[in-house]
Amino acid sequence: MSDPELPWDPCALIAVELEAERIVVLGQAAPGVTVADLTVGMEVEVVPGVLHEDTETTWTTWHWRPTGVKA
């Protein structure tokens with residue numbers, strides 16, 4: 001359940017086709033990448049990201065971003 005008192009930051013989702021594996025992976029775009037930055041068929045790369053942090057733990061995740069873009 002989400003906390004309505006916490007700020008909400010929308011993110012873009014990217015569907016990536018892995019041809020050799022014959023699967024499609026859905027994931028978050030890297031922070032700063034918006035839907036306006038994306039086009040169908042463009043090449044993207046996976047980059048590490050932080051899902052959440054507190055004083056004791058950092059939860060990591062993977063993000064997608066267009067190749068050649070610094071997020």
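Listing for the model above:
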{"read-out": "Hey, V35 at pLDDT 95 or above, among the aliphatic types (A, V, I, L, M) and surrounded by 10 or more Cβ atoms within 10 Å (Cβ to Cβ) or not", "value": "no"}
{"read-out": "Verdict on V25 being of a type outside the set (K, R), farther than 19 Å from V69 by Cα and not in a loop (DSSP other than H, G, I, E, B)", "value": "yes"}
{"read-out": "Residue tally, condition within 17 Å of D9 (Cα to Cα) and either in contact (Cβ under 8 Å) with a residue 12 or more places away in the chain or part of a loop (DSSP other than H, G, I, E, B) (or both), over segment 38-59", "value": "1"}
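The values are calculated or read from the model by the stated rules, or taken from the named source; none is laboratory data. Values in this document were obtained by computation on a predicted structure and should not be read as measured data. Glycine also receives a Cβ, built like all others from the backbone with ideal geometry; neighbour counts cover every protein chain displayed.
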